[in-house]
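Worksheet for the structure shown next.
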Amino acid sequence: MTDLERSLKHAAAEIERVLDLALPVPDGPEARVVEAMRYAVTGPGKRLRPYLVLSSAELFGVNRSCALRVAAAVELLHCYSLVHDDLPALDDSDTRRGRPSVHREYDEATAILAGDALLTLAFEILSEAETHGDPMVRCELVRALAVAAGTQGMVGGQMLDLAAERQELDIGAITRMQRLKTGELIAFSCEAGAILGHAAETPRKALRAYAHDLGLAFQIVDDLIDAEGDAATAGKPTGQDRASGKATFVSLLGAERAREQARMLARQASAHLDLFEEKADPLRAVARFVVDRRN
């Protein structure tokens, strides 16, 4: 096991404890939706976005408990997006992370409600005083995550992704789509530590630049996994982009050029961290991990 794998495993265990406390199961009929929420967030997963929050927070000496709350909020929002993406109206995926997706384990209506509740819980956690003593910091976190998740981020990117099934996109349009769909939440995760730590603009710009390249590399590898991987290793259906006729980095560039582009972006991402010196080694390790992953 590599140092990064050990760090990811340790961070995931910390985050899961926070998520467990955030999702007590109540009595009554509403218990079913909370159980579905817990199912969505407690399954196997890399917890990569929360790890980025924790690693960026370490650069600025942020209290660990505060960083863990923001990391948990990011994971809640990410899991909401996966629950909704898997629904028949969108990707129509029966599996996620190697087990039945939420709408298959429960039902479509419960999955929609569980996703809605995960999204709103993320903002509830960010708004609470335990997340940070400065209300202006909490407001900035709420606003930044809302932008990353909405029409200027994840939702907007998902809409472009749907459009890609009906029209041909060039490499510029695909890059914009993936920056919104995947990259903006990764960017928030990287910048959250700087927000918590009242960081100056120069280090914040460096983290945004790192996140921009990292997010694009991440998505290119996702496209490669969909094109070349098997469902058992990926933990979700593969070959869906080809089946739907959707243009991707792989379909436009070819697998080898796409893979080299991902590697170049990972190297470029790491170079943006030079001003942090060795303190940013965990983030550099993430860049290497992203291009080598198989799921």
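The values are calculated or read from the model by the stated rules, or taken from the named source; none is laboratory data. Predicted model only: the values in this text are computed from it and were never measured. Cβ sites come from the backbone with ideal geometry, for glycine too, and all protein chains shown count toward neighbours. The area values use the complete protein model at the heavy-atom level, side chains included, leaving out ligands, DNA and RNA. Shrake-Rupley method; radii C 1.70, N 1.55, O 1.52, S 1.80 Å.
Which count do you get for residues in segment 102-132 that are without any contact (Cβ under 8 Å) to a residue 60 or more places away in the chain and hydroxyl-bearing (Ser, Thr, Tyr)?
Going through segment 102-132 one residue at a time, the tally reaches 2.
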Failed condition for MET1, given (1) assigned to a helix (DSSP H, G or I); (2) of a type outside the set (Val, Ile, Thr); (3) open to solvent by 70 Å² or more (accessible area, probe 1.4 Å); (4) over 21 Å from VAL53 (Cα atoms), with all others met?
(1)
Which condition number does ILE125 fail, the rest of (1) in contact with a Cys (Cβ under 9 Å, 6 or more places away or on another chain); (2) open to solvent by less than 40 Å² (accessible area, probe 1.4 Å) being met?
(1)
Subset of segment 148-162 (residues that are in contact (Cβ under 8 Å) with a residue 40 or more places away in the chain and hydrophobic (A, V, I, L, M, F, W, C))
ALA148, ALA149, MET154, LEU162
Complete set of residues in segment 175-226 that are farther than 20 Å from ASP281 by Cβ, open to solvent by 30 Å² or more (accessible area, probe 1.4 Å) and in contact with an Asp or Glu (Cβ under 7 Å, 6 or more places away or on another chain):
LYS181
Is it true that ASP20 is over 20 Å from GLY215 (Cβ atoms) and either surrounded by 13 or more Cβ atoms within 10 Å (Cβ to Cβ) or touching a strand residue (DSSP E or B) at 6+ places or on another chain (Cβ under 8 Å) (or both)?
yes
How about segment 219-295: which helices (runs of 4 or more DSSP H) wholly inside it have at least 3 residues that are of a type outside the set (Phe, Trp, Tyr), within 24 Å of LEU54 (Cα to Cα) and modelled with pLDDT of 90 or more?
255-271, 281-292
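Taking the stated definitions as given, is GLY98 modelled with pLDDT under 95 and either more than 17 Å from the chain's Cα centre (by Cα) or not acidic (Asp, Glu) (or both)?
Details: modelled with pLDDT under 95: yes; either more than 17 Å from the chain's Cα centre (by Cα) or not acidic (Asp, Glu) (or both): yes.
Yes; evaluated as a whole, the condition is true for this residue.
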Just a yes or no: is a residue in segment 150-162 modelled with pLDDT of 95 or more, buried (at least 17 other Cβ atoms within 10 Å of the Cβ) and closer than 26 Å to SER270 by Cβ?
yes
Per-region count, segment 38-72, residues assigned to a helix (DSSP H, G or I) and more than 21 Å from TYR210 (Cβ to Cβ)
11
